[in-house]
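The next block holds one structure in the form of structure tokens; read it before the comments.
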Amino acid sequence: MKGEEKRKNEKRTKKNFFYKKKRFRLAMLLCIVGGFLDAYTFTTRGKVLANAQTGNLVYLALNLAERDYQKVFSYFVPIFVFALGILFSEYLKHVFTKYENFRWQHTAIIIQLIVMFFISFIPSNHLNMLVNVIISFIAALQYQGFKKIHGVNGATTMCTGNLRSSMEFLSQFIMTRDKKSFYNFLVYIGLISFFVIGATLCAVLVHFFKNYALLFCCVLQFIVFLVMFKQKI
């Protein structure tokens, strides 16, 4: 009996390992998209950050001090719309509670995919504020929809919180040698790394394809949409 129970536990552990590995691949794709969107709006849409609203608040304050109210408005609108995106995501979550196979995150991914596809055909320096507003909205959907990765609270759209958490878990591992803390540290470092990869890819692709580089994110989001039917994140 003990041998059979041991084999079952080993099988369960192996299954959980591969399940978590697949979930991390999904998180990896989402982090690439998060980094890509921030770099995209900054490099092609007037140096506005789609995800990092802290940065937008700083720029807003600096321009407010210089009494450049036009720029103040250009930074305020994405912040406001990001907040609306969080509210909308909570509404979707409430609406889709009765569905089991189709979660509200599926709808969020579909919205992101469609919106990014059409935005990629809007030339840079044309309707930049509208584009930034829309991207801030879909970034909020992703931020709210994918807050938990591998059982830990992690963001796929920004890195400040992830950096703090990674160092917190590293500190716990150094003091206690707890393997779970080291595992969580690696998860957060992975999230940060793939966010940076996404931003770097954006810089390269924008150089060659300009605003059409955003189509790359559409491909990633389509893959995420397909994978989500089999794996939860």
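Some notes on this structure:
- Residue in region 195-203 that is open to solvent by less than 60 Å² (accessible area, probe 1.4 Å) and touching a strand residue (DSSP E or B) at 6+ places or on another chain (Cβ under 7 Å) present: no
- The C-beta contact set for region 11-37 (first residue over 15 Å from Thr200 (Cβ atoms), second residue modelled with pLDDT of 70 or more and hydroxyl-bearing (Ser, Thr, Tyr), distance under 7 angstrom, 6+ apart or interchain) comprises Ala27/Thr156; Leu30/Thr156.
- Pairs meeting the criteria (first residue in region 213-233 and closer than 15 Å to Leu141 by Cβ and β-branched (Val, Ile, Thr), second residue at pLDDT 85 or above and surrounded by 13 or more Cβ atoms within 10 Å (Cβ to Cβ), beta carbons under 7 Å, at least 6 apart or on different chains) are Val224/Leu29; Val224/Leu30; Val224/Ile109.
- Counted residues, region 166-186 - those being at pLDDT below 90 and either crowded, with 21+ Cβ neighbours inside 10 Å or not in a helix (DSSP H, G or I) (or both): 1
- Of all the listed residues (Gly161, Gly198), the sole one being at pLDDT below 90, among the small types (Gly, Ala, Ser) and assigned to a helix (DSSP H, G or I) is Gly161.
The values are calculated or read from the model by the stated rules, or taken from the named source; none is laboratory data. This structure is a prediction, so every number in the text was calculated from the model and none was measured. Backbone-built Cβ (ideal geometry, glycine too); neighbour counts: all protein chains shown. These area figures cover heavy atoms from the full protein model, side chains too; ligands, DNA and RNA do not enter into them. Shrake-Rupley method; radii C 1.70, N 1.55, O 1.52, S 1.80 Å.
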